[in-house]
2 protein chains.
Amino acid sequence: MSNRDVDAVEALFNPRRMAVIGASSHLAKWGRIVPSNIMRDGYKGELYLVNPRGGELNGMTFYPSAAAIGKEIDLAMVTIPAENVEGVLEDCAAAGTKVVIAISGGFSESSPEGRALEESMVAKARSYGIRVVGPNTMGIYSAPWSLTALMPPVRPRPGHVAFAAQSGNLGTQMLGWGSFRGIGFSRFVCIGNECDLEFADYLEYFARDESTRVILLYVEGFKRPRRILEIAEEISLSKPIVIYKAAGTGAGSRAAASHSAAMAGTREVYAGMIRQTGMIRAETTEEMLDFSDALVKLPLPRGRRVAILSWGGGWGVVAADLCEQDGLEVGPLPDGLRNEIGEILPSYWSKGNPVDLVGQLNMDNHTRCLELLTRSPEYDMVFSLGTINAASAFSLKSEDRDGTEKSAVDAQRAYVRDRSMHFAQRVAELMQEEDKPIVAVKMPQQDSDVSADGTDAYPQDRLCIHANPERAARVLAMLADRAGYLRSRGA
Amino acid sequence: MSNRDVDAVEALFNPRRMAVIGASSHLAKWGRIVPSNIMRDGYKGELYLVNPRGGELNGMTFYPSAAAIGKEIDLAMVTIPAENVEGVLEDCAAAGTKVVIAISGGFSESSPEGRALEESMVAKARSYGIRVVGPNTMGIYSAPWSLTALMPPVRPRPGHVAFAAQSGNLGTQMLGWGSFRGIGFSRFVCIGNECDLEFADYLEYFARDESTRVILLYVEGFKRPRRILEIAEEISLSKPIVIYKAAGTGAGSRAAASHSAAMAGTREVYAGMIRQTGMIRAETTEEMLDFSDALVKLPLPRGRRVAILSWGGGWGVVAADLCEQDGLEVGPLPDGLRNEIGEILPSYWSKGNPVDLVGQLNMDNHTRCLELLTRSPEYDMVFSLGTINAASAFSLKSEDRDGTEKSAVDAQRAYVRDRSMHFAQRVAELMQEEDKPIVAVKMPQQDSDVSADGTDAYPQDRLCIHANPERAARVLAMLADRAGYLRSRGA
């Protein structure tokens with residue numbers, strides 16, 4: 001990476017001053033929507049709006065040009081039609097702009113004429129020493145600067161995942177799901193057509209970026225796979241790289257060609273590349289977030305032995321199947337541990353692993369079993385089902401009742417909620433005390449909304465809670481694979 | 001099936017009168033929780049509570065015995081400890097009881113002594129001509145009688161899926177998820193230890209039951225697989241049977257042995273049986289509901305050709321991959337159709353299948369594209385992503401604004417919501433008009449709750465809406481497989 005690349009990506013994610021070129025006051029124009037999003041989230045740098053025809057937005061008067069701002073502009077986001085982008089580069093250069101984000105579609109992804117337009121635009125940018133993000137991009141997000149320079153109305157949550165996506169709608173969707181699920185991002189870029197800055201540039205920056213702990217990539221095709229091969233192996237030894245490779249089929253590749261103009265490459269080539277570089281493959285769109293989140297929050301296991309704690313037998317059976325299918329070891333309960341748990345649970349408990357809590361209503365007994373399993377040297381990780389939000393399974397409705405009965409029900413509800421919270425806190429604490437991952441599955445039994453089960457108040461930034469056991473098992477297996485890979489590489 | 005079996009299962013799901021034996025007024029006793037659930041949901045038959053020690057609940061005085069009720073009791077639910085169950089059968093017989101549900105654990109699933117207790121109890125029941133559900137069961141649900149005779153507080157939604165589950169907590173969890181997702185059940189039984197009535201008895205009843213359109217089974221192991229083999233093939237030609245087979249691994253089988261006392265059998269035997277009988281295998285716990293729901297609501301496709309309509313390119317790529325991986329055909333757009341869609345969308349649209357709406361803000365253009373694709377003879381089904389709840393992607397917050405701007409934003413919100421609803425209604429109508437399935441994926445882009453995106457008001461009983469493209473693709477492939485199977489059998 002040349003110094004110029006470093007400067008450019010550094011400026012992109014840490015702009016002291018930025019301009020939106022093509023600002024507008026019209027509700028349905030990106031020239032209004034983008035700066036509104038930036039202002040809404042409280043960008044910590046200085047924002048300037050530029051439109052030669054004048055106007056204003058939220059009390060900010062538009063400058064006739066970037067040069068007219070009279071200060072050095074690190075980043076310019078250009079929201080005008082494709083054919084006019086090249087024309088504003090001279091002005092950007094005059095303002096000392098290091099990077100331009102070109103959001104417009106209609107470049108190389110759409111037609112031969114668009115490709116010519118893109119090549120001419122990039123050549124002009126190069127001649128001014130300006131680097132380009134996109135075109136055909138939905139923008140960027142940068143947590144340390146509270147900078148949401150994005151087209152959709154999504155509000156990303158600040159956190160430690162850096163994400164480069166070869167799709168704006170999929171990428172910003174992930175930011176939205178992340179906000180909903182308590183998963184935060186350090187940086188995000190929709191790479192667009194990669195006419196200039198490309199995956200490898202972002203990847204190298206993320207590797208060095210202190211606010212980033214996990215790197216996530218949504219890839220239809222790498223423009224220069226060789227460069228990725230050269231850098232990803234070393235990066236992934238220190239920071240995990242989660243990758244979702246789309247366009248793995250004929251139908252997907254054809255779709256990608258018209259979407260991101262990406263050359264998809266064959267499945268086999270990418271599979272080999274992912275293996276060789278130690279990147280972590282997400283097999284589903286949800287796994288992009290599940291894996292990234294777990295790698296931020298959970299310690300890596302020392303081996304593949306899993307203890308399963310389930311509130312009921314059926315889910316224990318399903319979880320045991322899933323763990324074994326995913327290559328984990330559901331080993332037997334050692335005698336000593338069986339005796340200790342036997343003193344806590346009713347006589348008809350499962351007496352094996354999975355530990356079936358047989359609908360036990362005393363929630364402190366759940367916590368005691370969790371502690372015993374997590375502390376046992378026989379297990380490297382714990383899979384906990386149905387206890388993290390047990391409150392929702394009990395929730396008697398006190399509204400239907402009256403008098404002393406209402407008080408009794410309210411007291412019971414308060415007890416369950418309090419003890420559920422205690423359980424969740426102990427999950428977070430035990431992971432730290434024992435340096436072992438614990439993954440939880442929450443199973444709301446009411447026809448209530450999952451967000452109404454009290455789990456919102458849990459220490460979300462330290463817990464991984466899944467909505468079904470399939471995803472939890474995959475996360476545990478991924479952590480074990482990651483730990484195994486690092487051991488095999490002596491890292 | 002003998003007449004006695006028919007009578008028994010008939011009485012179980014359609015009891016004119018039922019008694020809870022072991023009624024209690026203590027908050028934490030099943031003898032109180034179960035009748036409370038029954039009363040809450042408005043059971044249409046007559047409910048009686050029995051406890052020789054007397055007492056009352058919600059103004060209902062306990063009878064000293066079932067016989068003392070003085071009327072014929074079709075169904076008795078027994079909520080007392082295992083060792084006392086056998087002792088109440090004589091009284092049940094005196095009241096003319098046809099079926100007993102024994103909820104207690106501590107029978108054959110827990111120990112050799114428990115097994116002896118169970119055998120003795122069943123022998124006694126047989127001697128009185130009483131059939132037994134369970135023991136070790138969480139109960140039943142029957143929509144036509146609004147009968148929720150269940151231990152957990154779940155409120156099932158009435159509908160057309162009949163569900164027999166070899167796990168109470170997993171089974172009732174599915175009922176709860178169903179309520180949350182708009183998926184309704186006609187009947188539910190947690191089969192427990194199958195000491196007497198077993199899978200095949202319920203299956204035969206569901207086959208004849210007019211309120212049931214799809215049968216769902218959660219199976220750890222069939223007690224008498226041969227009997228299932230004999231009946232399932234014929235049943236599945238007229239009513240689809242969705243099956244989730246758990247305990248397919250060593251770890252899962254060991255867990256099942258202590259949970260339901262089931263002999264899990266080998267994966268291969270079950271795979272062969274499922275194939276031979278034309279049952280439909282759910283590979284994940286979520287697919288139990290996804291598949292059942294789709295088979296209730298959607299028409300079967302005539303072939304495997306799928307048209308993909310996506311609001312953005314990345315999701316189109318992912319959907320195309322998934323369809324092809326699942327054995328569907330993502331065929332090209334015929335010229336005529338390409339020209340028609342070209343007149344609706346901006347010039348930089350994808351010009352192929354997937355049809356990428358390129359962030360098109362005019363929602364009626366979404367609807368027009370949907371109509372063209374669904375009506376085209378080139379496609380057997382339609383996969384629609386990101387449009388069903390596009391409202392959530394636009395949702396500007398009017399609270400942050402004032403004056404004319406607030407009105408403008410409110411007007412835009414109202415427009416998007418209205419047109420999103422129109423789109424959803426057209427999905428339902430087009431399926432009927434064209435007799436083709438349309439599966440939708442909703443992609444909330446805000447950090448808002450999915451239930452707040454307006455989709456609650458959609459015609460839920462006629463739509464299948466999924467939270468990610470993976471599940472939608474699997475549902476479409478399942479429907480195509482089902483249609484192919486029926487054609488191959490001349491059905």
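Bear in mind these aren't lab numbers, they're just calculated from the coordinates by the rules spelled out. Quantities reported herein were computed from a predicted structural model and do not represent experimental measurements. All Cβ positions, even for glycine, are placed from backbone atoms using ideal geometry, and neighbour counts span all protein chains on display.
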key: Magnitude of the charge dipole, segment A:3-295, Cβ model with Lys/Arg +1 and Asp/Glu -1, debye to 20   = 380 debye
remark   = Given unit charges at Cβ for Lys, Arg (+) and Asp, Glu (-), the dipole magnitude of the protein assembly as shown about its Cα centre in debye, nearest 20, is 120 debye
note = Expected integer from the mean partner chain Cβ neighbour count at 10 Å over A:305-314 is 5
Of B:Lys44/B:Lys223; A:Lys351/B:Lys29; A:Lys29/A:Lys245; A:Lys98/A:Lys245, pairs whose Cα-Cα distance is over 28 Å = B:Lys44/B:Lys223; A:Lys29/A:Lys245; A:Lys98/A:Lys245
ask   = When the Cα atoms of segment B:166-242 are enclosed in a convex hull and the volume is divided per residue, what value in Å³ results?
value = 87 Å³
ask   = Given the Cα atoms of segment B:301-371, and with Rh set as the inverse mean 1/r over their pairs in the Kirkwood sense, what is Rg to Rh to two decimals?
value = 0.96
Exposure proxy order (Cβ contacts within 10 Å, fewest to most) of A:Ser211, B:Ser179 = A:Ser211, B:Ser179
key: Label-point separation, A:Asn339 to B:Ala491 (7 Å along Cα→Cβ), nm   = 5.6 nm
note = Given all pairs of distinct Cα atoms, segment B:334-373 yields a Kirkwood Rh in Å of 10.0 Å
ask   = Any idea what the relative contact order of chain B is, in percent, if you count C-alpha pairs under 8 Å spaced at least 6 apart?
value = 10 percent
query = What ranking do B:59-65, A:214-220, B:212-218 get when scored by the average of other Cβ atoms within 10 Å per residue, highest first?
reply = A:214-220, B:212-218, B:59-65
Candidate lysines for bridging to B:Lys239, where Cα separation is under 16 Å - those fewer than 8 sequence places away on the same chain excluded = B:Lys297
query = Which stretch or stretches of segment B:219-253 have amide N atoms under 20 Å from the point lying 7 Å from B:Asp435's Cα along the Cα→Cβ direction?
reply = B:237-240
query = Quick one, what does Rg over Rh come out to for the protein assembly as shown if you take C-alpha atoms and the Kirkwood Rh?
reply = 1.00
task = Could you list which residues have their amide H under 5 Å from that of A:Gly221, counting only those 5 or more apart in sequence or on another chain, with H placed in the peptide plane?
result = none
query = Between the helical axis of A:363-375 and the dominant principal axis of chain A, each derived from Cα atoms, what acute angle in degrees is found, rounded to the nearest 10?
reply = 70 degrees
message = Taking the Cα centroid of segment B:222-239 and of segment A:28-42, what is the distance between the two, rounded to the nearest whole Å?
response = 60 Å
message = Report for segment B:27-154 the percent antiparallel among DSSP-assigned beta bridges with both residues inside it, nearest 5.
response = 45 percent
note = From fewest to most C-beta neighbours within 10 Å, the residues A:Glu343, B:Glu286 line up as A:Glu343, B:Glu286
query = In whole Å and largest first, what semi-axes does the C-alpha gyration tensor of segment B:3-295 yield when each eigenvalue is scaled by 5 and square-rooted?
reply = 30, 21, 17
inquiry  = Taking the Cα centre as origin and putting +1 on Lys and Arg beta-carbons and -1 on Asp and Glu beta-carbons, what dipole magnitude results for chain A, to the nearest 20 debye?
reply    = 600 debye
ask   = Which angle from 0 to 90°, rounded to the nearest 10, does the C-alpha axis of helix B:168-181 make with the longest principal axis of chain B?
value = 40 degrees
remark   = Ranked from fewest to most other Cβ atoms within 10 Å of their own Cβ, B:Ile241, B:Ile280 fall in the order B:Ile280, B:Ile241
query = Of A:Thr249, A:Phe13, A:Phe383, which is farthest on the positive side of the dipole of chain A, counting Cα position, with +1 on Lys and Arg Cβ, -1 on Asp and Glu Cβ, and the Cα centre as origin?
reply = A:Phe13
ask   = In chain B, what is the volume of the convex hull around the alpha carbon atoms, normalised per residue and reported in Å³?
value = 164 Å³
remark   = Across B:177-183, the residue-averaged tally of Cβ atoms belonging to other chains within 10 Å stands at 3
key: DSSP-defined beta bridges in chain A - what % are antiparallel, rounded to 5   = 15 percent
query = When the helices in chain B are scored as -39500 (n - 2.57) per DSSP H run of 4 or longer and the sum is shared across all residues, what 222 nm value do you end up with, to the nearest 500 deg cm²/dmol?
reply = -14000 deg cm²/dmol
ask   = Per-residue mean of other chain beta-carbon atoms within 10 angstrom of the beta-carbon, peptide A:129-141?
value = 0
remark   = Ranking B:Pro332, B:Ala271, A:Asn353 by how far each Cα lies towards the positive end of the charge dipole of the protein assembly as shown (+1 on Lys and Arg Cβ, -1 on Asp and Glu Cβ), the top one is B:Ala271
ask   = How many percent of DSSP beta bridges within the protein assembly as shown run antiparallel, rounded to 5?
value = 15 percent
query = What are the residues whose amide H is under 5 Å from the amide H of A:Ile243, where those residues sit 5 or more places off or on another chain and H is modelled from the backbone?
reply = A:Leu217, A:Ile280, A:Arg281, A:Ala282
query = Helix A:267-277 versus the longest principal axis of chain A: what angle, 0 to 90°, nearest 10, using Cα atoms?
reply = 80 degrees
